[in-house]
Amino acid sequence: MSLRSQLGHVRRGILSACHQRVVPLGDRGPIVTFTFDDFPQTALTAGAPILERYGARATYYVAMSLMNKTNELGEQFRYEDLISAQSSGHEIANHTFSHLSARRAAYDEFIRDLAWGETALLETLGIHASRNFAYPYGEATLEAKKRIGPRVLSSRGTCRGLNGPEVDLNLLRANRLYGDASRGQEARQLILENEAEKRWLIFYTHDVAANPSPFGCTPELLDAVCSFAAARGARFMTVAEAVQQIAPQVSANQHPPASNHRPLERVPFAPAPTNQESERVVRQ
Ligand SMILES: [Zn+2]
């Protein structure tokens, strides 16, 4: 293991262990959740029909500054896609406005961007979007985990593993679903472990295409994983549905954005602050 990956391992361990907000999963597992980040249009046009065929709905973590854009993951979502996804029962959740890394921005800048994301979703969809959140690039910090945690229903990172028996709402574990059908065995193994231990397994990916980006998957892989989970009797839930089940008191007590982080300080959809990191190719 290289020094860099060792440091990453230590960092993830510390992040996972500190500032937890734990709720018991109880007997609700095995749960399987599919999430799409950013999100590329194919996550909806190609991804959603596959999930829906098996009765599953996804959580789409949306960075609103990407609407109508094209980047290395292909064409990004459009307004109509948000409406379509929501009307089909998928969850629309927050991924910051500018796809900003918590590790590359000062905390105040990061929390403002998170609030702008909430506001943009609210003004676009006309209702409060889900209060579930995912860290862009999976890059959480100890300070962000501590301070953002109680502000949202849940925060998802990219630390691998299963959630439970104690679920940390401040940093949900998630597992990448990248590549083609040759990666299916890895995912099937996770589904079997999740079933045996009755936990909550979250997958994340980006585009869904025959020739996906390095951060996406093929329709064949998504179909194989989803059909296997369905055949094994997993319960498909969005993040919102799972949080509602395991922490109804948290969902009931969800509060509006903190007044000291007024999201209306700027107009949604105005160009985001220049941030080199939001253009980085490395993406999670
Ligand atoms: Zn992302």
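The values are calculated or read from the model by the stated rules, or taken from the named source; none is laboratory data. Everything quoted here is computed from the prediction, not taken from an experiment. Neighbour counts are summed over all protein chains in view; Cβ atoms, including those assigned to glycine, are modelled from backbone coordinates with ideal geometry.
Points to keep in mind about this one:
- Of the residues making up the stretch 20-44, those that are among the polar types (S, T, N, Q) and either assigned to a strand (DSSP E or B) or free of Cβ contacts under 8 Å to residues at least 24 places away in the same chain (or both) number 2.
- Screening GLU72 on (1) at pLDDT 95 or above; (2) within 16 Å of the ligand (Cβ to nearest atom) shows it passes everything except condition (1).
- Residue in the stretch 225-234 that is under 15 Å from TYR54 (Cβ atoms), in contact (Cβ under 8 Å) with a residue 12 or more places away in the chain and among the aromatic types (Phe, Trp, Tyr) present: yes
- Just one of the listed residues (GLU197, GLU186, GLU143) is in contact with a Phe, Trp or Tyr (Cβ under 7 Å, 6 or more places away or on another chain) and surrounded by fewer than 18 Cβ atoms within 10 Å (Cβ to Cβ), and it is GLU143.
- Applying the criterion of being in a loop (DSSP other than H, G, I, E, B) and farther than 24 Å from VAL250 by Cβ to the residues of the stretch 1-19, the residue that is modelled with the lowest pLDDT is MET1.
- Among residues of the stretch 6-19 that are touching a residue at least 12 places away in the same chain (Cβ under 8 Å), those with a beta-carbon under 6 Å from a residue that is in a helix (DSSP H, G or I) at least six positions away or on a different chain give the pairs CYS18/LEU142; HIS19/LYS145; HIS19/LYS146.
- For the stretch 55-84, a residue qualifies if it is among the aliphatic types (A, V, I, L, M), surrounded by fewer than 24 Cβ atoms within 10 Å (Cβ to Cβ) and out of contact with any Asp or Glu (no Cβ under 6 Å at 6 or more places or on another chain), and the qualifying residues are ALA56, MET67, LEU82, ILE83.
- Qualifying position, being away from the ligand (no atom under 16 Å from the Cβ), hydrophobic (A, V, I, L, M, F, W, C) and surrounded by 22 or more Cβ atoms within 10 Å (Cβ to Cβ), among ALA93, ALA115, ALA120, ALA134: ALA115
- Scanning the stretch 160-194 for residues that are part of a strand (DSSP E or B), more than 16 Å from the ligand (Cβ to nearest atom) and within 26 Å of ARG147 (Cβ to Cβ) yields ASN163, GLU166, VAL167, ASP168.
- Pairs, first without any contact (Cβ under 8 Å) to a residue 60 or more places away in the chain in the stretch 178-200, second of a type in the set (S, T, N, Q), C-beta under 8 Å, six or more apart: TYR178/THR205; GLY179/THR218; ASP180/THR218; ALA181/THR218; ALA187/ASN175; LEU190/ASN175
- The residues listed here are SER84, SER98; of these, the one that is under 20 Å from ARG151 (Cβ atoms) and outside any strand (DSSP E or B) is SER98.
- Filter result (among the β-branched types (Val, Ile, Thr) and either within 14 Å of the ligand (Cβ to nearest atom) or assigned to a loop (DSSP other than H, G, I, E, B) (or both)) within the stretch 195-215: THR205
- Selection count where residues are buried (at least 16 other Cβ atoms within 10 Å of the Cβ) and assigned to a helix (DSSP H, G or I), scope the stretch 232-248: 7
- Pairs with Cβ under 6 Å, 6+ apart, first in the stretch 87-114 and farther than 17 Å from SER154 by Cα, second of a type in the set (Val, Ile, Thr) and surrounded by fewer than 22 Cβ atoms within 10 Å (Cβ to Cβ): ARG103/THR141
- If the condition is being away from the ligand (no atom under 16 Å from the Cβ) and aromatic (Phe, Trp, Tyr), then the stretch 30-69 contributes only TYR54.
- With respect to the conditions (1) closer than 28 Å to MET67 by Cβ; (2) buried (at least 19 other Cβ atoms within 10 Å of the Cβ); (3) of a type in the set (A, V, I, L, M, F, W, C), ALA106 lacks only one, and its number is (2).
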